[in-house]
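**Student:** Dumping the structure here so I can ask a few things about it.
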Amino acid sequence: MALLDLIRKRRSIRRFLDRPVERDKIMMCLEAARLAPSACNSQPWKFIVVDDGETRNRLCHTAFGGVYSISSFARKAPIIVAIVSEKDKFIARVGALLRGTRYYLIDIGIAGEHFVLQAEELGLGTCWIGWFNEGAVKSVLGVPKDKKIDVLLAVGYPDKEGRGLRHDREPLEKMAGFNGYEGEAE
Ligand SMILES: Cc1cc2nc3c(=O)[nH]c(=O)nc-3n(C[C@H](O)[C@H](O)[C@H](O)COP(=O)(O)O)c2cc1C
């Protein structure tokens, strides 16, 4: 499928079929993430794929409870991927300080979306999850406390019933322009 068609087809998926996901498909998604660009080629990420039922249940039980229960749809996802932020290269950290830009978050976003688009191409559904109990995820996965997990991905075969929430987008003429800024000052 042409890339733009694939991008147009993708939706966040919040309902999944009770069908296991083949390990080789996940490996392809990880390879797509591995090849993502990053500031100073820092590659400041580690992807932890949770596909073992027992570990997934423990993680989902604690990560999506209480105030995080709005994300409890992810309990039905056969796979949860935790993206751990690793230290970026010294030069990227200096640049980040001088520019006031958190390059590592941009890097993680790109790598995660590479994963997502490859998953889409393989017929898998995904949803980014930013609202979860980070401490609980770290504890279940043995991630050191001083590391950061900014996002998770829920992955599985999509249940067609589960499509769509807030998928609308601003029109092209509002989000882009040529040769100068068009818009109001803040
Ligand atoms: C960084 C990030 C965090 C997100 N966190 C959540 C989340 O916690 N729960 C959720 O249901 N969707 C979450 N989403 C999905 C967005 O709600 C979704 O991408 C947006 O509404 C556009 O819909 P679409 O992905 O179907 O095009 C997140 C997306 C991104 C990129």
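**Student:** Collect the residues in region 13-46 that are assigned to a strand (DSSP E or B) and surrounded by 18 or more Cβ atoms within 10 Å (Cβ to Cβ), keeping them in residue-number order.
**Tutor:** Applying the first criterion (assigned to a strand (DSSP E or B)) to region 13-46 yields 13, 16, 45-46.
If the condition is that a residue be assigned to a strand (DSSP E or B) and surrounded by 18 or more Cβ atoms within 10 Å (Cβ to Cβ), then Ile13, Phe16, Trp45 are the ones that fit.
**Student:** Here is a further query. Which one of these does Glu86 not meet: (1) modelled with pLDDT of 95 or more; (2) surrounded by 13 or more Cβ atoms within 10 Å (Cβ to Cβ); (3) over 23 Å from Glu120 (Cβ atoms)?
**Tutor:** Single failed check for Glu86: (1).
**Student:** Continuing with this model, one more query. All but one of (1) within 15 Å of the ligand (Cβ to nearest atom); (2) within 21 Å of Arg56 (Cα to Cα); (3) without any contact (Cβ under 8 Å) to a residue 12 or more places away in the chain hold for Gly142; which doesn't?
**Tutor:** Against the list (1) within 15 Å of the ligand (Cβ to nearest atom); (2) within 21 Å of Arg56 (Cα to Cα); (3) without any contact (Cβ under 8 Å) to a residue 12 or more places away in the chain, Gly142 comes up short only on (1).
**Student:** Then there is this: Quick one: which of Glu134, Glu86 is within 19 Å of Asn41 (Cβ to Cβ) and in contact (Cβ under 8 Å) with a residue 12 or more places away in the chain? Working first, answer last.
**Tutor:** Numbers: Glu134 fails: within 19 Å of Asn41 (Cβ to Cβ).
Among Glu134, Glu86, only Glu86 is within 19 Å of Asn41 (Cβ to Cβ) and in contact (Cβ under 8 Å) with a residue 12 or more places away in the chain.
**Student:** Only one of these conditions is not met by Ser72: (1) away from the ligand (no atom under 16 Å from the Cβ); (2) part of a helix (DSSP H, G or I); (3) surrounded by fewer than 17 Cβ atoms within 10 Å (Cβ to Cβ). Which number is it?
**Tutor:** (1)
**Student:** On the given criteria, is Asp150 in a loop (DSSP other than H, G, I, E, B) and either of a type in the set (D, E, K, R) or within 14 Å of the ligand (Cβ to nearest atom) (or both)? First the steps, then the outcome.
**Tutor:** On the way: in a loop (DSSP other than H, G, I, E, B): no; either of a type in the set (D, E, K, R) or within 14 Å of the ligand (Cβ to nearest atom) (or both): yes.
In short, no.
**Student:** Additional query: Could you check how many residues of region 77-100 are more than 20 Å from the chain's Cα centre (by Cα) and of a type outside the set (D, E, K, R)?
**Tutor:** In the first step, residues of region 77-100 are kept if they are more than 20 Å from the chain's Cα centre (by Cα); the result is 89-100.
Narrowing further to those that are of a type outside the set (D, E, K, R): 90-92, 94-98, 100.
Residues meeting the conditions: 9.
**Student:** Can you pull out the residues in region 57-69 that are in a helix (DSSP H, G or I) and either buried (at least 19 other Cβ atoms within 10 Å of the Cβ) or among the acidic types (Asp, Glu) (or both)?
**Tutor:** Scanning region 57-69 gives Leu59, Cys60, Ala63.
**Student:** Also: Within region 89-109, can you find the residues that are at positive phi and surrounded by 19 or more Cβ atoms within 10 Å (Cβ to Cβ)? Break it down into steps so the answer makes sense when it comes.
**Tutor:** Going through region 89-109, the residues at positive phi turn out to be 100.
Passing the criteria: none in range.
**Student:** Would you call Val21 touching a strand residue (DSSP E or B) at 6+ places or on another chain (Cβ under 9 Å) and modelled with pLDDT of 95 or more? Give the steps one after another, and end with the answer.
**Tutor:** Working: touching a strand residue (DSSP E or B) at 6+ places or on another chain (Cβ under 9 Å): yes; modelled with pLDDT of 95 or more: yes.
In short, yes.
The values are calculated or read from the model by the stated rules, or taken from the named source; none is laboratory data. Computed from a predicted model, the values in this text were never measured in an experiment. A quick note on method: Cβ atoms are made from the backbone with ideal geometry, for glycine too, and the neighbour counts reach across all protein chains shown.
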